[in-house]
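To start, the structure under review is shown below, and the notes come after it.
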Amino acid sequence: LSLPSERFDGIFANAVLFHVPSECLDAVLAQIWNALRPGGVFFSSNAHGFGKDQEGWTNGRTANTRSWVCWLSEDSWRRRCEAAGFRLLDLYYRPPGRPREQQPFLASVWSKPG
């Protein structure tokens, strides 16, 4: 990931970052931080680990495909984003209106203090 410094007011990463291996995730978050202008906003929605950190290959969306996934718990995701310097604005599970065990996505909105 190579983005220009302080170029963007917002970065939107929907159902993307959970495909980044955990050993690379902190560097990706640092690049997102660097690319945001002070006061910029970062939105992310990821499949989560339902309280556990899990990583590895899983069946893909179509027959004969596989996908790499890094499902993080809410606590792990928050710690990584906060360690990158982001300030939490909002966090919620999706889709709305369902019991937590039927909400596979964790959405979060962060800001780069400025």
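Read the figures in this text as sums done on the coordinates, not as results from a lab. Since we're looking at a predicted model, the values are computed, not measured. Because the Cβ atoms are built from the backbone with ideal geometry, glycine has one as well, and the counts that use them run over all protein chains shown.
Helix 74-83 sits at what angle to the longest principal axis of the chain, using alpha carbons and giving 0 to 90 degrees rounded to 10?
Relative to the chain, helix 74-83 is tipped by roughly 20 degrees.
Distance between the C-alpha centers of region 52-79 and region 23-40? Whole Å please.
21
I want to make sure I understand the PRE zone here: with the label point 7 angstrom from the Cα of R98 toward its beta carbon, which residues in region 49-70 have backbone N atoms less than 19 Å away?
Only 49-52, 59-62, 70 pass the distance filter.
If contacts are Cα pairs under 8 angstrom and at least 6 residues apart, what is the relative contact order of the chain in percent?
Contact order relative to length: 29 percent.
First check a/c for region 4-77, with a ≥ b ≥ c the square roots of the eigenvalues of its C-alpha gyration tensor; if it is under 1.5, answer rounded, and if not, answer prolate when a/b is larger than b/c or oblate otherwise.
prolate
Report the longest stretch of the chain that contains none of the trypsin sites (Lys or Arg not before Pro) sitting in a DSSP loop with at most 14 other Cβ atoms within 10 Å.
With trypsin sites (Lys or Arg not before Pro) excluded where exposed in loops, the chain gives 62-114 as its longest stretch.
Apply the Karplus curve 6.51 cos²θ - 1.76 cosθ + 1.60, θ = phi - 60°, to the phi angles in region 102-114 and return the couplings in whole Hz, x for Gly and Pro.
10, 10, x, 10, 10, 9, 9, 10, 10, 10, 9, x, x
What relative contact order, as a whole-number percentage, does region 26-84 give when Cα pairs under 8 Å and 6 or more residues apart are counted?
Computed over region 26-84, the figure is 35 percent.
Let's test the formula: R0 of 25 Å, r as the Cβ-Cβ distance of R66 and F105. What FRET efficiency results, to the nearest 0.05?
0.80
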